[in-house]
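Only one structure is covered here, and it is reproduced in the block below.
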């Protein structure tokens, strides 16, 4: 699949001698060979100031010519020529340094022959240049789903940065769970602080004092839900459904309406017109489920702030990016009913917080003969039948509440039944010690049930693991430290946004190590407890982090796009293989438009796979799995076959190494920098992702005479393209099986590497080569640190024995 | 035609090779278990080539053979109890009825992509791996340019 047309000028090979460090290469011979196919320019050091100036001249003069750089590895080129690459330089790299001269012996003839082949492969089977950007044009606005602390804080920061923000909250009031729980750890004050604007003093400001939420860029949608999302990253079209709040912004919180209202809500704890949490904008709202619309409140309202003429509305907004901050909820009743929840005298920590915050309730607490309180940790958590995970907050919440109870009621006996206390955070350990000093009893062991005596008083039988003795507790109040579950709407929102959920039902983050605010869908971000229960300290950090992340996304020029894979309509039968394999949901099956070619065997209404070029990451997984070979990757099958042939034809017992240019590429090129030697018959083929390899390529390598094939990809479960590794494992197994049946078996191996494996990858390759040379003498399954293969010495990376 | 294009490309290079497990990548043979089929027609919708299609008739014997513990098995047993005589064959289904329809499977049209087996909720479409003989019928002249099996190992590091 060469792109050279008849009238295009000869390609240019820039031969770099790398300041004389490649002494085992005969550059005259290399230049003579390259001269037969291209114009050759030699330089002792192309990355020097003079060399780069020459390249600049070449870029200006030789526009449209194919440039092949024969020298160091792609990774090194990317850094050394970074500024020229940014100015539009497109280079095909032939790695004759780390991939050849630096890792091979002094046998000039053999090493030069390999270098010639590397240059030949780059000249004849070049990859397409990555010269386009994905998501270049973006709408400068953000949709934030969820008006809890995470969502509101991120929305306020984004509005301050100058972006238009649509903040959508399901309930009538902002503030989320943090507004309900009162004081929070580790500061023991309220959890409602938000970032301030320049117009305010730089002190903490809670929801009702904070004018940052009044930023004209920030639009708050109360009682609104996201119905559907269309469009693409950078320009989503979002349908919103909003229920009326009835109470308008003219409300002055006199409370007249509540006194005239005669309807109670379903729980019976408030009127149909009610106040829940003052988020600085709206005091009251109307419970539309119970309100009889009698209009009494509207008649009495002194400011005419009650408007019953409002009706539900549907609206469409455009957003460049979407932030999900739907938060979490406390575990539902059925997960803690085994611990007596539902009986009098058993409450959750959240309910206890509400009891303690409200003085009336607090006095109830004080008036009760509540002499003894028992807190049960991990209530429903870390339990395979209930919540299998640790919610991480409950330990600290229990400590906070235990200390508060001891402070409010010094006579009260507080016992915490726990299995492990997880107090890891800044200042957390001192809280634990403080609680001990405050006289809280810590009992190691949690009860499996809570029973009740004839007076309805809780009875708890628990084994104290420290003293190995049974204890019988008869508390007045049992407090369950319940875990957190995804907010009720999480699954639906995830479906609308097309993002994945993790095994616990929270929004899945893209990478647990360093991409905690991105979801599996480009342009959709996540912050706070939507991605798993989090303490407020982490929520605040994440909200700010995601705001800058979204700002970067909206203001960046766009992601540099590898040339996307293309579907050959005449070959595509419209099965669902590519669609199910694509890790980026970039492929859809669509109606075949009239006039588009169709394979003869496909039925009349047969579908056609369509690849969204901007969503495609060009990993090649679809191309490697398409049964009909109807998908052409930018490194096509013919290019790969060609490269294989150029690299190994006529070589005695060649070993083919397919490697991904991500993590395995880093390990291999770093090993090359360390001059870690391996035999010359090892021929490497670089790929964007190991998922590009199909069983067909391995079979073709064997057919061309490869004596062994290894594949090197990213660390296990850490494939940069998510499923490429799994696909490669499957294809390797299939190839191994087929080769075995055809009695053409060659040693096959698949390695998971990351940059730290630079010390061992050379040894691994040497060992594999030794195994290929002597399959019976050298076992294949002890690749690292095998005495038989490790020659020790300078390049070995291990201390010699 | 149970081999896909990728399958053909592979087996042209591999005389005597055949997959042990079914895989849509190289092709497969579809075996239908009518007694398990619930007639939902997902295979017919998903099939690229129209090898599976919804029929105009329904064969009540499918119900008699259905697993006894399934709803369809129970229906078959009930049918057996009330029926005066055994049905002779497929019966025509009125146009409005969508569920009780037998799937017509036309092997001639099958591409071997295995999509029907992937989408079938009842395991009624099974993808069986293609056998060496079936591959031989399709791929006539295998090319074999690799080294003859049994070549002795040679020293590492010698090339060209």
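The values are calculated or read from the model by the stated rules, or taken from the named source; none is laboratory data. Small disclaimer: the values here were computed from a predicted structure and weren't measured. Positions of Cβ are backbone-derived with ideal geometry, glycine not excepted, and every protein chain shown enters the neighbour counts.
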Could you figure out which of (1) more than 10 Å from every other protein chain (Cβ to nearest Cβ); (2) in a helix (DSSP H, G or I); (3) surrounded by 18 or more Cβ atoms within 10 Å (Cβ to Cβ) isn't true of residue B:78?
(3)
Taking the range B:128-160 as the search range and keeping residues that are within 12 Å of chain A (Cβ to nearest Cβ) and not in a loop (DSSP other than H, G, I, E, B), which one is modelled with the highest pLDDT?
B:129
Counting only residues in the range A:768-780 that are facing chain B (nearest Cβ under 10 Å) and more than 15 Å from residue A:653 (Cα to Cα), the one surrounded by the most Cβ atoms within 10 Å (Cβ to Cβ) is identified as A:778
Hey, any hits in the range B:14-36 for a residue that's assigned to a helix (DSSP H, G or I), within 27 Å of residue A:591 (Cα to Cα) and more than 7 Å from every other protein chain (Cβ to nearest Cβ)?
no
Is it the case, given these coordinates, that residue A:260 is under 36 Å from the mean Cα position of the chain (by Cα) and either assigned by TED's automatic domain parsing to the domain that holds residue A:151 or surrounded by 15 or more Cβ atoms within 10 Å (Cβ to Cβ) (or both)?
no
Within the range A:182-209, of all residues that are in contact with a strand residue (DSSP E or B) (Cβ under 8 Å, 6 or more places away or on another chain) and buried (at least 20 other Cβ atoms within 10 Å of the Cβ), the one nearest to residue A:394 (Cα to Cα) is A:184
Residues to consider are A:741, A:782; find the one that is over 36 Å from the mean Cα position of the chain (by Cα) and modelled with pLDDT under 95.
A:741
Residue identified as touching a strand residue (DSSP E or B) at 6+ places or on another chain (Cβ under 8 Å), within 18 Å of residue A:737 (Cα to Cα) and surrounded by fewer than 24 Cβ atoms within 10 Å (Cβ to Cβ) among B:21, B:12
B:21
Looking only at the range A:679-691, count every residue that is within 14 Å of another protein chain (Cβ to nearest Cβ) and either in contact with a strand residue (DSSP E or B) (Cβ under 9 Å, 6 or more places away or on another chain) or closer than 16 Å to residue A:125 by Cβ (or both) and tell me the total.
6
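So that you can scan it fast, the table gives a plain yes or no per residue for (1) outside the structural domain of residue A:542 (by TED's automatic domain parsing); (2) touching a residue at least 24 places away in the same chain (Cβ under 8 Å); (3) within 13 Å of the chain's Cα centre (by Cα):
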residue	(1), (2), (3)
A:477	yes, yes, no
A:491	no, no, no
A:495	no, no, no
A:499	no, yes, yes
A:508	no, no, yes
A:515	no, no, yes
Here is a check on your reading of the model: is residue A:667 in contact with a helix residue (DSSP H, G or I) (Cβ under 9 Å, 6 or more places away or on another chain), modelled with pLDDT of 95 or more, more than 18 Å from residue A:118 (Cβ to Cβ) and within 13 Å of chain B (Cβ to nearest Cβ)?
no
From the list A:610, A:646, which residue is more than 25 Å from residue A:729 (Cα to Cα), in the same structural domain as residue A:750 (by TED's automatic domain parsing) and at pLDDT 95 or above?
A:646
Looking only at the range A:543-562, decide whether some residue is more than 14 Å from every other protein chain (Cβ to nearest Cβ), without any contact (Cβ under 8 Å) to a residue 60 or more places away in the chain, in contact with a helix residue (DSSP H, G or I) (Cβ under 6 Å, 6 or more places away or on another chain) and part of a loop (DSSP other than H, G, I, E, B).
no
Matching residues in the range B:1-13 - criterion: being in a helix (DSSP H, G or I) and either touching a residue at least 12 places away in the same chain (Cβ under 8 Å) or under 14 Å from the mean Cα position of the chain (by Cα) (or both)
B:6, B:7, B:8, B:10, B:11, B:12, B:13
Could you check the range B:81-116 and list, in sequence order, the residues that are touching a helix residue (DSSP H, G or I) at 6+ places or on another chain (Cβ under 9 Å) and surrounded by fewer than 13 Cβ atoms within 10 Å (Cβ to Cβ)?
B:86, B:89
Out of A:755, A:735, sole residue that is facing chain B (nearest Cβ under 10 Å), at negative phi, under 36 Å from the mean Cα position of the chain (by Cα) and at pLDDT 90 or above:
A:735
Residue A:236 is checked against (1) surrounded by fewer than 17 Cβ atoms within 10 Å (Cβ to Cβ); (2) outside any loop (DSSP other than H, G, I, E, B); (3) not assigned by TED's automatic domain parsing to the domain that holds residue A:302 and fails just one. What number does that condition carry?
(1)
Any idea which of A:543, A:618 is over 27 Å from residue A:692 (Cα atoms), surrounded by 22 or more Cβ atoms within 10 Å (Cβ to Cβ) and not assigned by TED's automatic domain parsing to the domain that holds residue A:690?
A:543
Scanning the range B:37-57 residue by residue, those free of Cβ contacts under 8 Å to residues at least 60 places away in the same chain, assigned to a loop (DSSP other than H, G, I, E, B) and facing another protein chain (nearest Cβ under 9 Å) turn out to be B:50
If I go through the range A:210-219 residue by residue, how many of them are touching a strand residue (DSSP E or B) at 6+ places or on another chain (Cβ under 9 Å) and over 8 Å from residue A:159 (Cα atoms)?
5
Kindly indicate the residue of the range A:738-752 that is assigned to a helix (DSSP H, G or I) and farther than 16 Å from residue A:658 by Cβ and also farthest from the other protein chains (Cβ to nearest Cβ) among those meeting that condition.
A:740
Sort through A:735, A:712 and tell me the only one that's crowded, with 20+ Cβ neighbours inside 10 Å, part of a helix (DSSP H, G or I) and in contact (Cβ under 8 Å) with a residue 24 or more places away in the chain.
A:735
The number of residues in the range A:565-577 that are touching a strand residue (DSSP E or B) at 6+ places or on another chain (Cβ under 8 Å), within 11 Å of chain B (Cβ to nearest Cβ) and crowded, with 20+ Cβ neighbours inside 10 Å is 2
Conditions (1) within 14 Å of another protein chain (Cβ to nearest Cβ); (2) over 26 Å from the mean Cα position of the chain (by Cα); (3) surrounded by fewer than 16 Cβ atoms within 10 Å (Cβ to Cβ) -> residue A:597 fails only (1)
I need a count of the residues in the range A:418-448 that are loosely packed, with under 15 Cβ neighbours inside 10 Å, assigned to a loop (DSSP other than H, G, I, E, B) and either at pLDDT below 90 or touching a strand residue (DSSP E or B) at 6+ places or on another chain (Cβ under 8 Å) (or both).
5
